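One structure is given below, encoded as structure tokens.
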Amino acid sequence: MSDSGIGARVKRKEDERHLHGRGRFVSDILLPNLHDVAFLRSPLAHGRIRGIDIPDDLKSQVYTAADLADVTPVRAVATVPGFKASDFPPLATDKVRYAGEAIAMCVARTRAEAEDMVDLLRPDLEELPAVCDVEAAVQSGSALVHEDWGDNFFLDAVVGGDLGDLEKTAPVIVEREYKMARQVMNPMEGKAVLAHWDDTASQLVVYTSTQVPHSIRSGLSMCLGLAEEKIRVIAPDVGGGFGYKCILQPEEICVAWLALKRRHPVRWIEDRREHLTAGANTREHYYKVKAFADERGKLLGLDATVTISVGAYSVWPFTAVIEAGQAGGNLPGPYAFGKYRCRTVSVATNKPPFTPYRGVARPGVCFAMDLTIDAVAREVGREPHEVRAENLVQPEQMPFTNVTNKFYDSGDYPAGVREAVEKIDVAGIRGRQQQGEPDGRLIGVGFATYVEQTAHGRPVFGAWGIAVVPGYENASVKLTADGGLEIRVGVQSHGQGMETTLAQIANTELGIPLDRITVIHGDTGTTPFSTGTYASRGIVMAGGAVATCCRELIPRMAPIAAHFLQCKPDEVRLEGGMMKGPSGEVPLADVGRAWYLRPDQLPEEINESGLEVVMGYKPGIETGVFGYATHAVTVAVDPDLGQVEILDYVIVEDCGTLINPMVVEGQTYGGAAQGIGTALYEEMPYSPQGQPLASTLADYILPGPTEVPKIRIFHTETPSPYTTHGQKGVGEGGAIAPHAAIGNAINDALKPLGAEVGETPMTPHRILDAIQAAKAKAAAE
Amino acid sequence: MKAAKFDYEAPASLDEALSRLAENGGKPVSGGQSMGPMLNMRLATPDLLVDLRRLDELNGYSQGDGKLVVGAAVTHAQVEDGALPDVTKGMMASVASDIAYRPVRTRGTIGGSLCHADPAADWPSALTALDATLVVAGTGGTRRIGIDDFLLGAFAIALNEGEVLIAVEIPVLSDAARWGYFKFCRKTGEFAETICGVVFDPANDIRRVVLGALGGAPKRLGELEDRLGDGIPGVNGIAAAIDALDIAFEPAQLVMHNTAVRRALRQAFGS
Ligand SMILES: Cc1cc2nc3c(=O)[nH]c(=O)nc-3n(C[C@H](O)[C@H](O)[C@H](O)COP(=O)(O)OP(=O)(O)OC[C@H]3O[C@@H](n4cnc5c(N)ncnc54)[C@H](O)[C@@H]3O)c2cc1C
């Protein structure tokens, strides 16, 4: 391993600017005559718009749906049978369908003045009954989010089917219900968009805080009716995305439209209150699970219903159904069992439109599945980690096609559990539990194991038939005239460290030092096409594309080097950053200089394709390569307060070849912190009228430095046979398991009290309620 | 969101501040740690903010007559750091050190906290347990008011239009005094789910058990106060005293409040 190539713990190139406050985010960009936009947002969750009273002197600065009549509403379709699409107008037309939906935009020299204008608008709304509760929403007679549908189902689908006679024959049957709270993703930087018309280029330039600049260009083109080459989308520094920024946002359309209309630069910067109230768009899952097992706790089959409150509209391009698709397909997770049925119900509600969040459905299914594994273990009276390890796909079964037809390419899942058992010291904890704690708290240990499908492409997204399906990933590399390298990728790096890891891959391929490699990304004007950064696809897809381009560069350089080395091109090899021939070597700088600046020195017959390579790449399988991990956690629960303290946290993870272990650890810590938020803190409660009740960060609680413990990460490396360097994606994984492991640990701690929790976040109130319910039950028996 | 337009003045003297407030109906501001968010969310839209932070009359302290008089603009951090003589056997510094986090403590003030009167805030409960007396100034002069009469409810206090709080009088506790303070938050710096403050100092005639983080002003648990000194009240006594408040708590809340009282009493009187 070199000290800067694949596998090296090099510091991130991007940290230099970020740690010195020199990042450049959308709100750092100032242009002459820039104006700010503030949105009038619906105060009601559901209402008919009768009109909007706009004071006369504001009319030239206020825009409503009527002004945007030439804009095509967002219509995110999927070809899954039974799916109902919804039109999502960038500004509400006839109805408002969630509190926070944009109704009008006001433009002024400053945001404060634009907000003053918002305060003067009087929307005339007729309140309609809000559809908030998923159970009520699917009853006939419920109010309808989209009247023309006749019901509130985006989709009602079944995966798998035949459970045989398990209901009669299974020795052990365990039934549980689980719930995941509605959450808000809370990237440090919210959404932000600035647009202006560039007369020089004849282009609409849209700076936007997005994970997917190329897809946004296609989306804007579709909605604005403006040809793609007339649009340039630039994602500058982006302060976190997590899925929140992988869809076409109504505000992006509005601001882009306004820049065309007014011909001066305009911007809108989301604030935290807008983010919390209009962006509560993820993870409201409800589970009913019935597990069938033998006397040892080995699963025989699973019957489940997953209901998801997907909010008012289908988002582009991922739609209102990929969450359910991922839930039904991924619920079995790393476990091998033979019979499976899962009904997934995607319900339209008067809440912000659902957007897939880090982990996409898997944080939900991991919670349901892993809490169920532990419930089965308790039922059969065995150690949960043993039951878990026995139920996992075993290494000798690899590669393994599971009950939902997922192809697990490689790995030793039980080994991860065994290592976690040892690292968290289950034996020690069991001893401590016997003795009891001096302060009266109860301690418990919990595990969760998951697989992370990463870099899945055409077969998966194509089966849903959504508007943007990832296929070949493109990159370009260019040797500069002095022997450096420019890499251009269409993915966007917003915390993943790809400016470093992609350079490390190129360093391994070409031997060019890291400080001579520049990675350019996030700009449709300068980078090759990519659908973008999501689905943990960056390092597999863009990494693979960069490696492919580098490999193509070598034969392009060889004839030039051969000329200097007085040998045949096929006698030249690249070694240690030098082109070497049978007798002597030339640096890449000489090759570059000759090609670009002194072609007079080159012979007539030379490969004229040059030293700038654009190539497409896809991995050996397109169904995704599967990373995996086990999280293990020890908690102390105060039964008199319901307070949970995390005492120890261990992650044993395998994402194939580690391109940069520090970057993997950074991704894992960050994901785990979000998972701890999911487990213990984060929740957007809604009133029965559909009002979001946590409108500040005092009410929507995020974990902070004092809540995130020291996490001990251990790596194993099982290279994927299907990627350029054996790498697998890892971006989402950390967020998948924490709440499941913590839930299991809490339930382990509460076992002596006979209490169990199954709803996130596992707040003091919910834990105390569970204890009280167990006491009441014990008293009744 | 951005604050609506307002004017800002920082008068040089208390008299000037009072007359500005009387004339213009402005709002006082001290540390801005509650006012700032209210302005930004446009929950408060005053035309004028009168900054009290640097007024001499609201800063520093004086001691005598069995009490410490603390300026209303003294910050939580100053109390935490021991800038005041310790007359409460460490109670005030301990309470201060657990308010929010340090950046909030370096700006937020005792007076601002009492006048904001958030039920979940610390000073309203802690200073009720300490039987503090508040000094209030208006254009007509100053008056003193006991904290029990000052805190009227959630975000409601007994200040008249144009009046400001200038100081807080804290009794100098005797050597034999005992105190306990327990607060439970879901995370550091988060507002409390429950608070209990206990102060027992017969020499000063203080026998107080105060339950905070309720819907309104903190409440004294009279049944327990009467029995302080006769050993630690049992679990049933605590439950009965909370019951006597006649507040409809959710079951989990009730468990937390009981725990807070138990633990504050245990801190005050040992196990
Ligand atoms: C993130 C965060 C966490 C917090 N956590 C806690 C916590 O754990 N515990 C806790 O107790 N508090 C907490 N607070 C509140 C903090 O303690 C504030 O300092 C306090 O509530 C207000 O004090 P201030 O000086 O900032 O008042 P300001 O915000 O300036 O004013 C608050 C109100 O009081 C009025 N006012 C201020 N001074 C006077 C005066 N002298 N006379 C009359 N009226 C006056 C103002 O008009 C305003 O209505 C937190 C605040 C933040 C931002």
In the stretch B:98-116, how many residues are more than 8 Å from the ligand (Cβ to nearest atom) and within 14 Å of another protein chain (Cβ to nearest Cβ)? 2
The one condition residue A:676 fails out of (1) within 14 Å of another protein chain (Cβ to nearest Cβ); (2) within 30 Å of residue B:39 (Cα to Cα) is (2)
Before we move on, is residue B:46 near the ligand (Cβ under 9 Å from one of its atoms) and assigned to a loop (DSSP other than H, G, I, E, B)? yes
Just to verify a result, which residue in the stretch B:29-43, among those that are more than 6 Å from the ligand (Cβ to nearest atom) and in a loop (DSSP other than H, G, I, E, B), is most open to solvent (accessible area, probe 1.4 Å)? B:43
Pairs where the first residue, in the stretch A:117-138, is in contact (Cβ under 8 Å) with a residue 40 or more places away in the chain and the second is of a type in the set (Lys, Arg), C-beta under 8 Å, 6+ apart: A:124/A:50; A:125/A:48; A:125/A:50; A:126/A:48; A:126/A:50; A:128/A:48; A:128/A:95; A:132/A:351
Would you confirm, using the coordinates I've provided, whether residue B:23 is over 30 Å from residue A:269 (Cβ atoms), open to solvent by 70 Å² or more (accessible area, probe 1.4 Å) and either away from the ligand (no atom under 12 Å from the Cβ) or in a strand (DSSP E or B) (or both)? yes
Which condition breaks for residue B:77 when tested against (1) under 30 Å from residue A:270 (Cα atoms); (2) within 15 Å of the ligand (Cβ to nearest atom); (3) touching a Ser or Thr at 6+ places or on another chain (Cβ under 6 Å)? (1)
Checking residue A:77 against (1) at pLDDT 95 or above; (2) farther than 21 Å from residue A:194 by Cα, only one condition comes out false. Which one? (1)
Does residue B:73 count as open to solvent by less than 10 Å² (accessible area, probe 1.4 Å) and away from chain A (no Cβ under 14 Å)? yes
So, first residue more than 14 Å from every other protein chain (Cβ to nearest Cβ) and within 14 Å of residue B:115 (Cα to Cα) in the stretch B:16-42, second residue more than 6 Å from the ligand (Cβ to nearest atom) and part of a helix (DSSP H, G or I), Cβ within less than 7 Å, six or more apart or across chains; the pairs are B:28/B:21
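Go through the stretch B:244-271 and give me each residue that's surrounded by 13 or more Cβ atoms within 10 Å (Cβ to Cβ) and either over 23 Å from residue B:185 (Cβ atoms) or away from chain A (no Cβ under 12 Å) (or both).
Once the filter is applied, which keeps residues that are surrounded by 13 or more Cβ atoms within 10 Å (Cβ to Cβ) and either over 23 Å from residue B:185 (Cβ atoms) or away from chain A (no Cβ under 12 Å) (or both), the stretch B:244-271 yields B:244, B:245, B:247, B:264, B:265, B:267, B:268, B:269.
In the stretch B:117-141, which residue that is small (Gly, Ala, Ser) and away from the ligand (no atom under 13 Å from the Cβ) is most open to solvent (accessible area, probe 1.4 Å)?
Once the filter is applied, the top-ranked residue is B:140.
Can you pull out the strands (runs of 3 or more DSSP E) entirely within the stretch B:166-216 that have at least 2 residues that are within 14 Å of another protein chain (Cβ to nearest Cβ)? Lay out the reasoning, then the answer.
Details: elements: B:178-185, B:192-201, B:206-212.
Those strands (runs of 3 or more DSSP E) span B:178-185, B:192-201.
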Quick check on my filter: what residues within the stretch A:107-133 are more than 12 Å from chain B (Cβ to nearest Cβ) and touching a helix residue (DSSP H, G or I) at 6+ places or on another chain (Cβ under 6 Å)? A:107, A:131
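Would you be able to tell me the number of residues in the stretch A:173-207 that are closer than 30 Å to residue A:401 by Cα and open to solvent by 20 Å² or more (accessible area, probe 1.4 Å)?
The total comes to 5.
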From the residues in the stretch A:208-240 that are more than 15 Å from residue A:528 (Cα to Cα) and of a type in the set (D, E, K, R), which one is surrounded by the fewest Cβ atoms within 10 Å (Cβ to Cβ)? A:230
Total residues in the stretch A:757-779, condition part of a helix (DSSP H, G or I), touching an Asp or Glu at 6+ places or on another chain (Cβ under 7 Å) and more than 9 Å from chain B (Cβ to nearest Cβ): 1
Anything in the stretch A:698-718 that is more than 10 Å from chain B (Cβ to nearest Cβ), part of a loop (DSSP other than H, G, I, E, B) and buried (at least 17 other Cβ atoms within 10 Å of the Cβ)? List them, or say none. A:700, A:708, A:709, A:718
Tally the residues that are out of contact with any helix residue (DSSP H, G or I) (no Cβ under 9 Å at 6 or more places or on another chain) and under 21 Å from residue A:692 (Cα atoms), restricting the search to the stretch A:145-165. 1
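Here's the yes/no breakdown for (1) within 28 Å of residue A:38 (Cβ to Cβ); (2) in contact (Cβ under 8 Å) with a residue 40 or more places away in the chain; (3) more than 13 Å from the ligand (Cβ to nearest atom); (4) surrounded by 17 or more Cβ atoms within 10 Å (Cβ to Cβ):
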position: B:4; (1), (2), (3), (4): yes, yes, yes, no
position: B:63; (1), (2), (3), (4): no, yes, yes, no
position: B:82; (1), (2), (3), (4): no, no, yes, no
position: B:96; (1), (2), (3), (4): no, no, no, yes
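So that you can scan it fast, the table gives a plain yes or no per residue for (1) touching a strand residue (DSSP E or B) at 6+ places or on another chain (Cβ under 8 Å); (2) open to solvent by 10 Å² or more (accessible area, probe 1.4 Å); (3) among the basic types (Lys, Arg):
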{"residue": "A:344", "(1), (2), (3)": "yes, no, no"}
{"residue": "A:363", "(1), (2), (3)": "no, no, no"}
{"residue": "A:368", "(1), (2), (3)": "yes, no, no"}
{"residue": "A:376", "(1), (2), (3)": "yes, no, no"}
{"residue": "A:382", "(1), (2), (3)": "no, yes, yes"}
{"residue": "A:392", "(1), (2), (3)": "yes, no, no"}
{"residue": "A:397", "(1), (2), (3)": "no, yes, no"}
Quick test for you: out of A:158, A:174, A:206, pick the one residue that is in a strand (DSSP E or B) and without any contact (Cβ under 8 Å) to a residue 60 or more places away in the chain. A:206
What is the residue count in the stretch A:268-284 for residues that are open to solvent by 10 Å² or more (accessible area, probe 1.4 Å) and either more than 10 Å from residue A:184 (Cα to Cα) or over 21 Å from the mean Cα position of the chain (by Cα) (or both)? 6
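In the stretch B:142-195, which residues are within 15 Å of the ligand (Cβ to nearest atom), among the polar types (S, T, N, Q) and open to solvent by less than 60 Å² (accessible area, probe 1.4 Å)? Write out each step before concluding.
Initial filter on the stretch B:142-195 (within 15 Å of the ligand (Cβ to nearest atom)): B:142-145, B:147, B:150-169, B:181-195.
Remaining after also requiring among the polar types (S, T, N, Q): B:142, B:160, B:188, B:194.
Within the stretch B:142-195, just B:194 meets the criteria.
The values are calculated or read from the model by the stated rules, or taken from the named source; none is laboratory data. In this text, all values refer to a predicted model and were calculated from it rather than measured experimentally. Neighbour counts are summed over all protein chains in view; Cβ atoms, including those assigned to glycine, are modelled from backbone coordinates with ideal geometry. Keep in mind that these areas ignore ligands, DNA and RNA; they rest on the heavy atoms of the full protein, side chains included. Shrake-Rupley method; radii C 1.70, N 1.55, O 1.52, S 1.80 Å.
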